Number of protein chains: 2
Amino acid sequence: MLQAAGLKPNAAHVAGQGGDPGAVATAAPVIRSIPMRKAMDENTLLAWAMNDAPLPKVHGYPLRLVVPGWVGSASTKWAHTLMVLDAPFKGTYMTNSYIVPKFAIEPGQKMPPDVVSAEAWPIKSMITSPAPNARFKGSQRITVRGRAWVGEGEVDRVEISTDEGKTWRRAQLARSGDKYAWRTFTFDFEPERFGYVSFLARAWDDRGNAQPAVPYWNPLGYFWNGWHRVGVLVEA
Amino acid sequence: MLQAAGLKPNAAHVAGQGGDPGAVATAAPVIRSIPMRKAMDENTLLAWAMNDAPLPKVHGYPLRLVVPGWVGSASTKWAHTLMVLDAPFKGTYMTNSYIVPKFAIEPGQKMPPDVVSAEAWPIKSMITSPAPNARFKGSQRITVRGRAWVGEGEVDRVEISTDEGKTWRRAQLARSGDKYAWRTFTFDFEPERFGYVSFLARAWDDRGNAQPAVPYWNPLGYFWNGWHRVGVLVEA
């Protein structure tokens with residue numbers, strides 16, 4: 001659509017504006033822009049339907065952006081305007097929200113002057129089963145299940161540690177479905193002793209990034225992707 | 001000394017009683033017992049001198065036990081009585097204090113019936129330099145220094161991670177001095193970018209035990225030995 005409209009050579013960013021009613025009447029309109037390379041990606045959509053039906057209102061009826069793999073604020077709902085710009089849009093939702101420090105800062109500090117816009121999600125995984133503090137009989141095999149995803153690139157593998165990060169073993173990672181879809185994983189564990197045991201999940205992407213033990217702190221709290229830890233009790 | 005006194009075949013534990021004044025006049029006397037194998041170890045001492053001088057009062061003058069590598073309560077100060085027993089001593093400092101669950105329990109739970117006495121320290125390390133949140137110029141090499149120790153066996157190696165547990169590199173571990181003495185380690189790091197960077201230290205003993213990312217929780221809070229993490233700021 002952007003190509004059909006004609007893009008000038010200096011087109012750099014595309015801003016979407018939606019009809020967010022806003023909880024505060026005087027608040028600035030919610031406008032976020034994304035770089036042209038992401039706007040032109042074949043997976044970035046202007047969507048008016050979902051599952052062969054019109055979009056539900058809560059999902060942005062009648063029209064919304066879908067910018068997969070990126071922070072949700074890029075996917076403007078109730079879209080009514082697209083602006084092609086020669087630079088990132090300047091507005092409070094670009095300069096004061098959805099930003100992270102360009103260089104990791106000391107935990108607890110204020111936002112430094114040097115920031116970047118929050119874009120793609122880093123590699124992340126979650127254990128969805130068992131539930132925290134679930135109880136098992138000692139003779140039972142425990143199957144750990146979960147999901148892994150990453151904003152750009154691919155999930156390469158998921159590892160589970162049952163000894164608090166000393167050793168890691170590969171989980172079974174389901175085949176890749178649609179691009180950007182999460183990947184399910186499973187890991188079978190035969191308890192060797194009674195008592196509390198924890199499962200740590202750590203996913204890697206195909207660029208060598210792994211979930212960290214402790215994610216870098218940032219003032220607005222984005223992109224938390226530390227190892228997910230679920231403990232269970234193995235009873236006699 | 002125990003051999004000179006003569007030990008019966010069923011001698012199993014040795015209890016030390018000291019002259020602890022006690023903050024509460026009605027409190028039970030502080031009596032702890034240790035197994036015969038530890039009592040007969042050549043490194044377990046009845047000490048009356050330190051650094052060629054009588055023991056200072058605060059260190060147990062005139063006589064104390066030194067049970068190296070074990071929780072401090074085993075090293076009875078102001079010792080006046082040793083009792084050879086055919087089983088662990090039964091008293092509040094054996095049955096209600098200095099105990100840990102035999103099997104790891106769910107965090108927050110009460111002490112279960114099945115417990116063991118706190119004995120040797122697990123493998124542990126600490127970063128002693130740099131200080132948390134220290135600041136460095138980007139061109140500066142950062143030397144991480146610390147100590148590692150273990151209650152029984154030997155420290156095998158210390159590893160440092162500068163990427164939140166994704167990869168680990170060996171620190172330089174100083175040669176072993178006296179048995180039970182801590183080992184110093186150093187690790188040189190050349191910053192590759194500005195910003196906050198953390199150092200994680202993890203020691204391994206010669207039995208394959210490593211410090212855990214998260215130590216097993218126990219109601220009395222003993223033996224915390226999780227990875228030590230110190231973050232610093234690399235400035236332009």
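The values are calculated or read from the model by the stated rules, or taken from the named source; none is laboratory data. Being a predicted model, the structure only gives us computed values, none of them experimental. As a convention, Cβ positions derive from the backbone with ideal geometry for all residues, glycine included, and neighbour counts pool all protein chains shown.
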If you go through segment B:105-154 one residue at a time, how many are over 19 Å from B:W227 (Cα atoms) and not assigned by TED's automatic domain parsing to the domain that holds B:R207?
-> 14
Inspect segment B:115-135 for any residue being surrounded by fewer than 14 Cβ atoms within 10 Å (Cβ to Cβ), more than 14 Å from chain A (Cβ to nearest Cβ) and not in a loop (DSSP other than H, G, I, E, B) and give the result as yes or no.
-> yes
Residues in segment B:199-222: is at least one over 27 Å from B:A104 (Cβ atoms) and either crowded, with 17+ Cβ neighbours inside 10 Å or not β-branched (V, I, T) (or both)?
-> yes
Count, please, the residues in segment A:1-20 that happen to be of a type outside the set (A, V, I, L, M) and in contact with a helix residue (DSSP H, G or I) (Cβ under 7 Å, 6 or more places away or on another chain).
-> 1
Requiring at least 1 residues that are without any contact (Cβ under 8 Å) to a residue 60 or more places away in the chain and more than 9 Å from chain B (Cβ to nearest Cβ), the strands (runs of 3 or more DSSP E) wholly within segment A:177-236 are A:183-189
Within segment A:82-105, count every residue that is in contact (Cβ under 8 Å) with a residue 40 or more places away in the chain and farther than 16 Å from A:A28 by Cα.
-> 12
Give B:P112, B:P101 a once-over and let me know the one that is within 14 Å of another protein chain (Cβ to nearest Cβ) and surrounded by fewer than 18 Cβ atoms within 10 Å (Cβ to Cβ).
-> B:P112
Filter result (within 13 Å of chain A (Cβ to nearest Cβ), touching an Asp or Glu at 6+ places or on another chain (Cβ under 7 Å) and either touching a residue at least 60 places away in the same chain (Cβ under 8 Å) or closer than 30 Å to B:K38 by Cβ (or both)) within segment B:157-176 | none
